[in-house]
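The values are calculated or read from the model by the stated rules, or taken from the named source; none is laboratory data. Since we're looking at a predicted model, the values are computed, not measured. Cβ sites come from the backbone with ideal geometry, for glycine too, and all protein chains shown count toward neighbours.
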Amino acid sequence: MYEGIVQELIDELGRLPGIGPKSAQRIAFHIVQTEHFDVTRLAEILLEVRDKVRFCEICGNVSQEVTCSICRDPRRDPTLICVVEEAKDVVAIERTREFRGLYHVLGGAISPIDGVGPDQLRIRQLMQRLADGTVREVIIATDPNLEGEATATYLSRMLTTLEIAVTRLASGLPVGGDLEYADEVTLGRAFEGRRAVG
């Protein structure tokens, strides 16, 4: 436990997701000990982010405009929608340069333990987007964990009533991984998702 304001800084940093007590302490001491660290600029950026960043009214992605750059891009294929849990998932998929369609960010995943049901997610907005008949395929790209699977199952059941192809991202063995370290679910998925060679 440190004195006064230093402990308050550590406590505030520790409230951020993914930052444990040790990381919070390390960041706090970096800020305190590094003379050239621009604390004022950091504070300005944090305030500016709070003030200017919003969520795209179409897809739910992070944006400084009413609609995000992906939704505004006329080169994107409007017949494909990739459904993801969070805006950070959009960035991960965009880095692959494999997907040229549009996105729909749910804002989380179904998790009864955390009190998150379908009504807390942007599922109603997705159904509204699909109502006009433009979309041919919905790709469900939720995380391959319990919550992501529950969300994918829920969505696939809802979407079967529409005449739209519903697909799920393949999951399986990571490149560079060893079979002996793969869990049963991952290995099972790898078998289910196998494809012909050559």
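In the stretch 106-141, of all residues being touching a strand residue (DSSP E or B) at 6+ places or on another chain (Cβ under 6 Å) and not in a loop (DSSP other than H, G, I, E, B), the one that is farthest from T167 (Cα to Cα) corresponds to L126.
Quick check on I113: is it touching a residue at least 12 places away in the same chain (Cβ under 8 Å) and in contact with a helix residue (DSSP H, G or I) (Cβ under 9 Å, 6 or more places away or on another chain)? Criteria not met by I113. Scanning the stretch 118-157 for residues that are closer than 28 Å to T186 by Cβ and either surrounded by fewer than 16 Cβ atoms within 10 Å (Cβ to Cβ) or of a type in the set (S, T, Y) (or both) yields a count of 10. Identify, from the list A92, A131, A152, the residue that is under 13 Å from the mean Cα position of the chain (by Cα) and at negative phi. Result of the check over A92, A131, A152: A92.
Applying the set (1) surrounded by 14 or more Cβ atoms within 10 Å (Cβ to Cβ); (2) out of contact with any strand residue (DSSP E or B) (no Cβ under 9 Å at 6 or more places or on another chain); (3) closer than 30 Å to R75 by Cβ to A182 leaves exactly one unmet item: (3). Candidates L146, L159, L121: the one that is within 20 Å of E57 (Cα to Cα) and either among the aliphatic types (A, V, I, L, M) or more than 17 Å from the chain's Cα centre (by Cα) (or both) is L121. Scanning the stretch 164-183 for residues that are under 14 Å from N145 (Cα atoms), modelled with pLDDT of 80 or more and not basic (K, R) turns up L169, A170. Residues that are among the polar types (S, T, N, Q), closer than 18 Å to H104 by Cα and either in the same structural domain as V84 (by TED's automatic domain parsing) or in a loop (DSSP other than H, G, I, E, B) (or both) are absent from the stretch 168-184.
The residue that is farthest from the chain's Cα centre (by Cα), counting only those in the stretch 95-107 that are at pLDDT 95 or above and surrounded by 14 or more Cβ atoms within 10 Å (Cβ to Cβ), is G101.
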